[in-house]
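Inspection log for the structure reproduced underneath, given as structure tokens.
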Amino acid sequence: MEFLVYVGLGMVLGLIGRAILPGPQALGPTAAMLGGMVGGFLGGVLGDRHLGGASFDLAPTGLILCAVGALVAVAALAVLSARRPAV
């Protein structure tokens, strides 16, 4: 059940990351939540694996990398959505 912490934290940080990004954005809240969820999950799992322990044991490194992964994913999505040509 610890993976739900990474997913939930990623979703919340995705919305926060969207809110703190400067300038107008084409990235909607749903896309920010999904990007944060994926980035948070991947960051959390990588953080746990970096410690050499079992996955999903909620180590501090996993939680920190969950936050970083979520914010990086939202920033990357915001840049990619801004580059997309208007239809």
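The values are calculated or read from the model by the stated rules, or taken from the named source; none is laboratory data. Note that the structure is predicted; figures quoted are calculated from it, not measured. Cβ: placed from backbone, ideal geometry, glycine included. Neighbour counts: every protein chain shown.
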Practice item. Inspect all residues belonging to the stretch 30-47 and state whether any of them is loosely packed, with under 12 Cβ neighbours inside 10 Å, modelled with pLDDT of 85 or more and in a helix (DSSP H, G or I). Key: yes
Exercise for review: Give the residues of the stretch 16-27 that are surrounded by fewer than 17 Cβ atoms within 10 Å (Cβ to Cβ) and either in a helix (DSSP H, G or I) or modelled with pLDDT of 85 or more (or both), sorted by residue number.
Suggested key: Ile16, Ala19, Ile20
